[in-house]
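Below is one structure, written out as structure tokens, with a few remarks after it.
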Amino acid sequence: MRFNVAQLLKSPAGTSREYDLDEDITDIDEYLDVVAALIGRVRFLRTDNGILVTGHVRTEIRVPCRRCLTPVTVLIELDLEEQFRPSVDIWTGAILPLEPGEEEATRTDAHHILDLTEVVRQNLLINVPMAPLCSPQCRGLCPQCGANLNEGPCGCHYEESDPRLAILRGLL
């Protein structure tokens, strides 16, 4: 997801370019199990300070079900909006310092290459579902033997551990 934006940086503010994305990002992060290509469209808009990247992209990741731990494939859709600034002046070649609060990931490199990889990685990590389910009827795992209850009963016999709680169990 690297784009040479030298010509766009030489253009006046308001100039834009659009690109279709179809990128293999399976190795974008060791903690993400990405199972589909990143597909979408991004728009680069020349601003006074750099390039504003906007777009809509989607991919699929595999995460464990919160109840039974079975892998579940989940669609992730992202709306990107990020301002990139050059690290080198396009006309003079002078190195431009980092602004306060600016991240290195949102800067073009010395060869005027804009890399969306880190921005997409961070957005994917933020948008991973907190508690995905393989199905709404998922029965989870047996708390005693760990068997997947979606595959059938496990055969465990539950004994009351504290007779004082019997009245509360009657309410369930």
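Of the set (1) among the polar types (S, T, N, Q); (2) in a strand (DSSP E or B); (3) more than 23 Å from residue 132 (Cβ to Cβ), all apply to residue 49 but (2). Residue-level check: of (1) among the hydrophobic types (A, V, I, L, M, F, W, C); (2) surrounded by fewer than 15 Cβ atoms within 10 Å (Cβ to Cβ); (3) in contact with a helix residue (DSSP H, G or I) (Cβ under 8 Å, 6 or more places away or on another chain), residue 166 misses just (3).
The set of residues in the stretch 55-71 being of a type in the set (A, V, I, L, M) and out of contact with any Pro (no Cβ under 8 Å at 6 or more places or on another chain) consists of 57, 61, 69. The set of residues in the stretch 1-53 being among the acidic types (Asp, Glu) and surrounded by 14 or more Cβ atoms within 10 Å (Cβ to Cβ) consists of 23, 29, 33.
For the stretch 52-63, filtering for residues that are without any contact (Cβ under 8 Å) to a residue 60 or more places away in the chain and over 12 Å from residue 123 (Cβ atoms) leaves 4. Restricting the stretch 93-119 to residues that are outside any loop (DSSP other than H, G, I, E, B) and of a type in the set (Ser, Thr, Tyr), the residue that is nearest to residue 42 (Cα to Cα) is 117. Hey, could you check the stretch 64-87 for residues that are of a type in the set (D, E, K, R) and free of Cβ contacts under 8 Å to residues at least 60 places away in the same chain and say which is nearest to residue 130 (Cα to Cα)? Among those residues, the one meeting the criterion is 77. When residue 90 is tested against (1) free of Cβ contacts under 8 Å to residues at least 60 places away in the same chain; (2) part of a loop (DSSP other than H, G, I, E, B), exactly one condition is not met: (1).
Values quoted throughout were computed directly from the atomic coordinates according to the rules given, and no laboratory measurement underlies them. Keep in mind the model is a prediction, meaning the values are calculated, not measured. Cβ sites come from the backbone with ideal geometry, for glycine too, and all protein chains shown count toward neighbours.
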